[in-house]
1. Being more than 13 Å from the ligand (Cβ to nearest atom) and crowded, with 18+ Cβ neighbours inside 10 Å is true for just one of 118, 105. Which residue is that?
2. Given the conditions (1) away from the ligand (no atom under 15 Å from the Cβ); (2) over 14 Å from residue 112 (Cβ atoms); (3) over 11 Å from the mean Cα position of the chain (by Cα); (4) surrounded by 16 or more Cβ atoms within 10 Å (Cβ to Cβ), and given that residue 49 satisfies all but one, which numbered condition is not satisfied?
3. Residue 89 is checked against (1) without any contact (Cβ under 8 Å) to a residue 24 or more places away in the chain; (2) surrounded by 13 or more Cβ atoms within 10 Å (Cβ to Cβ) and fails just one. What number does that condition carry?
4. Among the residues of segment 27-45, write down those that are farther than 20 Å from residue 100 by Cβ, crowded, with 19+ Cβ neighbours inside 10 Å and either in contact with a helix residue (DSSP H, G or I) (Cβ under 9 Å, 6 or more places away or on another chain) or free of Cβ contacts under 8 Å to residues at least 60 places away in the same chain (or both).
5. If we only count strands (runs of 3 or more DSSP E) wholly inside segment 20-123, which ones have 1 or more residues that are modelled with pLDDT under 95 and at negative phi?
Ligand code: FES
C-alpha cells in the first residue's frame, strides 16, 4: 500500500467491525464501505453500477439456487451484495454482477493492521 495518487483512510478499529457488518466512510468522490464477511475484508464504492443505489443498505448474504421442492440450497458461500432497488447481485469475491459479469463494483485495497482497518482510495 501507499501508492502515488492513493491515500490510506482509517475506517474504524478492528473491534468496531464484527463478522457480517459493514462500516462506511465519506470521501469527496462518494461513500466507501468496508464489509467483513466469512473472515474476509472487502472495500467497495457504495454505489450500484446500474443506477446508483446505495448497495450497503442490504446485508451481504448467500444466494439460493434452484433445488427440489421443500428444499433450500444455498449458493455463493462467499456472499453477494444485493442492490436494494432492482435486486442485481454482485459477487463479494471480485465484485462482478452475477447476471452480467462485465459489470463490476468499484473495489479498493483494504488492510487490517495494528488493530485498525484501513482502505486505500484514489486522491
Ligand atoms: S440501481 Fe442497483 S440494480 Fe438498479
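The values are calculated or read from the model by the stated rules, or taken from the named source; none is laboratory data. Please read all numbers here as calculations on a predicted model, not as lab measurements. Cβ atoms come from the backbone with ideal geometry, glycine included; neighbour counts cover every protein chain shown.
1. Working: 105 fails: more than 13 Å from the ligand (Cβ to nearest atom).
Testing whether each residue is more than 13 Å from the ligand (Cβ to nearest atom) and crowded, with 18+ Cβ neighbours inside 10 Å leaves just 118.
2. Against the list (1) away from the ligand (no atom under 15 Å from the Cβ); (2) over 14 Å from residue 112 (Cβ atoms); (3) over 11 Å from the mean Cα position of the chain (by Cα); (4) surrounded by 16 or more Cβ atoms within 10 Å (Cβ to Cβ), residue 49 comes up short only on (1).
3. (1)
4. 33, 35, 36, 37
5. Working: elements: 22-27, 30-37, 40-45, 61-65, 73-82, 89-91, 110-113, 116-122.
Hits in segment 20-123: 22-27, 30-37, 40-45, 61-65, 73-82, 89-91, 116-122.
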